[in-house]
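The structure appears below as structure tokens.
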Amino acid sequence: MSKGNIFAVVLIVAAFFVGRHWFADTPTVMTDSRSGAGYSGGAESTGSARSGLVRAIHTAPRTGTVHEVREGELIMDKVKVAEPGDTILVYPGSYSETVYIDKDNIRLSGVIEKGQRAVLDGKGHLNDAVLYSGNDIVVENLLITKYKGNAIMGQAGNNFEIRNNIIVDTGVYGIFPQLGKNGIVTHNVISGIEDAAIYVGMSDNIHVAHNQVFESVAGIEIENSRHAIVENNYVTNNTGGILAFITPGLPVKTTYDVIIRNNFIVGNNHPNFGAPGSTVAGIPPGTGILIMAADEVVVEGNIISDNKTAGIIITDHNNAPNTTIDPESDPAPDKVAILDNLMHNNGYDTIDEAKALMLTEFKTGNPDIVRVGVSRDSCIINRHQYVTVGVDNWAECGFTHTGDIMTYLLDKPVEPREIDPSEVGKVAYLGICAGCHTYTGRMIGPPVQVIQALYMDNAQGLADYIANPVKKRDDYPEMPPQDYLDATTRLAVAEYMLSVSK
Ligand code: HEC
């Protein structure tokens, strides 16, 4: 017997011993660290604020039924029987399905045992891993890979918590809460997404923190949303790191009150692999932060380095590629505030537009901050730290930090979104279709105007298409089937899509 084999035998014996005597009969004890007792520390306690950690929205003890799912079973079978208040525990193993949660107050929790997770595997052909349209939904501890559409998409649900998920190579959007109020996206690791790794769309009161996003086209995107904090994220090697912007042609027309602070935004130089014509396909590789048409965006305390085009780009719609103008959205980013940030080695291989702008201001060096187009009432402090273009006429800010604002989350969960039957089509349109279709412009899918011309009085035809879409356009990706919606909802959303006029 060779030496190597003896070693192997020793290891097997050791594993056997450890397995029997240490772990075999120990049940999994699960403790919820977001609502339990806190460490009181050596010094006198200073209250219950969870500094540095984002508290949970749902802290009441869960009293509902716990449904366990193990490999070989379908998660969806448990979702079907679950009642509001229930928890679905998914044990390590491989699951290949789309989970659609259309009821309120369900917690979908992966169980992580010795590093092994429940893996949702789309095998390259399923579209979405987890979709929810209910309120008070928690999705946590999963590993999601190889879906074509979304890893986790929220469709008009309030009070969501999406945390501790690992998402790899999963289609168009990684975590995509659409039309939600009061929600948390924390401690997720996301990579390989062809649009945005984290895409907060048409939502309010949002906290995006402690996520790692990399090798995606857009890292974190706050779009047509208000009152959002993006903090303590590690955003690296995307095409664009953190984006706050308005997409024109969506039903919600504004983005404002966004704080981007204390993030690491490093080396976002990945080649752009966004769907041609999509908004993000226009982002120049090497963009740290992009602020487009969004108002009241505060940028503070970030480490922004090694982004080759610029550390921060601020632009209006008129100067941005792949955007159309929406008469109801102000195209200018107003009241942007740039506070202290560590900016280093940005703009070292910048785009011609930035170079030309620098020439007009007789600036030399590599740009940290580039502003193009109109921006009113914006401000900056300690501008001498940065190489800038377009901000010389910005005022000094009247404040120096955002330390008094801990969160924009609401004290209590907001009321669940009640949907009147007459509104089913509208809410589905806002919550689902508007993620890929705008009225006039090209997003992921073709403009709604074009669809209206095609289907005119044929709502049923449109409803049939979305249940089972066929590939029609060479220059667009496939449209994911919406067959998880029932026939009534599909017809209602079809009728609504044909009726919208903006
Ligand atoms: C993940 C992105 C995405 C979502 C969400 C989405 N679509 Fe699409 N849609 C597309 C793409 C991409 C195409 C173009 C497909 C093609 O031409 O092959 C498309 C095409 C269409 C068409 C054109 C059909 C035709 O005959 O040319 C209709 C109608 C449509 N979508 C309706 C909807 C409705 C209604 C919803 C919401 C329930 C919706 N879509 C949600 C991406 C999406």
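Any residue at all in the stretch 470-483 that is assigned by TED's automatic domain parsing to the domain that holds TYR429, farther than 17 Å from ILE432 by Cα and more than 10 Å from the ligand (Cβ to nearest atom)?
Of the residues in the stretch 470-483, the ones assigned by TED's automatic domain parsing to the domain that holds TYR429 are 470-483.
Then drop every residue that is not farther than 17 Å from ILE432 by Cα, which leaves 470-476.
With the extra rule that they be more than 10 Å from the ligand (Cβ to nearest atom), the set shrinks to none.
No, there is no match, as no residue in the stretch 470-483 is assigned by TED's automatic domain parsing to the domain that holds TYR429, farther than 17 Å from ILE432 by Cα and more than 10 Å from the ligand (Cβ to nearest atom).
Does GLY154 meet the test of being in contact with a Pro (Cβ under 6 Å, 6 or more places away or on another chain) and modelled with pLDDT of 95 or more? Criteria met by GLY154. Within the stretch 389-447, being away from the ligand (no atom under 15 Å from the Cβ) and without any contact (Cβ under 8 Å) to a residue 12 or more places away in the chain holds for ASN393, GLY403, ASP404, ASP411, LYS412, GLU418, ASP420, PRO421, SER422.
Of the residues making up the stretch 61-95, just one is surrounded by 20 or more Cβ atoms within 10 Å (Cβ to Cβ) and among the small types (Gly, Ala, Ser), namely ALA82.
Does VAL336 fit the bill of being within 26 Å of TYR439 (Cβ to Cβ), assigned by TED's automatic domain parsing to the domain that holds ASN272, buried (at least 22 other Cβ atoms within 10 Å of the Cβ) and in contact (Cβ under 8 Å) with a residue 12 or more places away in the chain?
On the way: within 26 Å of TYR439 (Cβ to Cβ): no; assigned by TED's automatic domain parsing to the domain that holds ASN272: yes; buried (at least 22 other Cβ atoms within 10 Å of the Cβ): yes; in contact (Cβ under 8 Å) with a residue 12 or more places away in the chain: yes.
In short, no.
Residues in the stretch 399-413 that are crowded, with 17+ Cβ neighbours inside 10 Å and modelled with pLDDT under 90: 1 in all. Identification of strands (runs of 3 or more DSSP E) wholly contained in the stretch 124-184 with 2 or more residues that are over 20 Å from HIS210 (Cβ atoms) and in contact (Cβ under 8 Å) with a residue 40 or more places away in the chain yields 150-155. The residue pairs whose first member lies in the stretch 465-485 and is closer than 20 Å to VAL130 by Cβ, whose second member is among the aromatic types (Phe, Trp, Tyr) and more than 6 Å from the ligand (Cβ to nearest atom), and whose beta carbons are closer than 7 Å, counting only pairs six or more residues apart or on different chains, are TYR484/TYR100. Considering the conditions (1) in contact with a helix residue (DSSP H, G or I) (Cβ under 9 Å, 6 or more places away or on another chain); (2) among the β-branched types (Val, Ile, Thr); (3) under 27 Å from LYS426 (Cβ atoms), VAL217 is excluded by exactly one of them, (3).
Does LYS103 satisfy being within 21 Å of GLU83 (Cβ to Cβ) and either in contact (Cβ under 8 Å) with a residue 12 or more places away in the chain or touching a Phe, Trp or Tyr at 6+ places or on another chain (Cβ under 7 Å) (or both)? Criteria met by LYS103.
So GLN449 clears everything in (1) more than 19 Å from TYR173 (Cβ to Cβ); (2) within 24 Å of the chain's Cα centre (by Cα) except one condition, right? Which one? Going through the list (1) more than 19 Å from TYR173 (Cβ to Cβ); (2) within 24 Å of the chain's Cα centre (by Cα), GLN449 breaks only (2). Considering the stretch 185-202, and only residues there that are part of a loop (DSSP other than H, G, I, E, B) and in contact with a strand residue (DSSP E or B) (Cβ under 8 Å, 6 or more places away or on another chain), the residue that is nearest to ASN165 (Cα to Cα) turns out to be ASN188. Scanning the stretch 448-465 for residues that are more than 11 Å from the ligand (Cβ to nearest atom) and of a type in the set (A, V, I, L, M) yields one hit, MET456.
Has the stretch 426-435 got at least one residue that is outside the structural domain of GLY85 (by TED's automatic domain parsing), assigned to a loop (DSSP other than H, G, I, E, B) and at pLDDT 90 or above? There is at least one residue in the stretch 426-435 that is outside the structural domain of GLY85 (by TED's automatic domain parsing), assigned to a loop (DSSP other than H, G, I, E, B) and at pLDDT 90 or above.
The values are calculated or read from the model by the stated rules, or taken from the named source; none is laboratory data. Nothing here was measured: the structure is a model prediction, and the numbers come from that model. Neighbour counts are summed over all protein chains in view; Cβ atoms, including those assigned to glycine, are modelled from backbone coordinates with ideal geometry.
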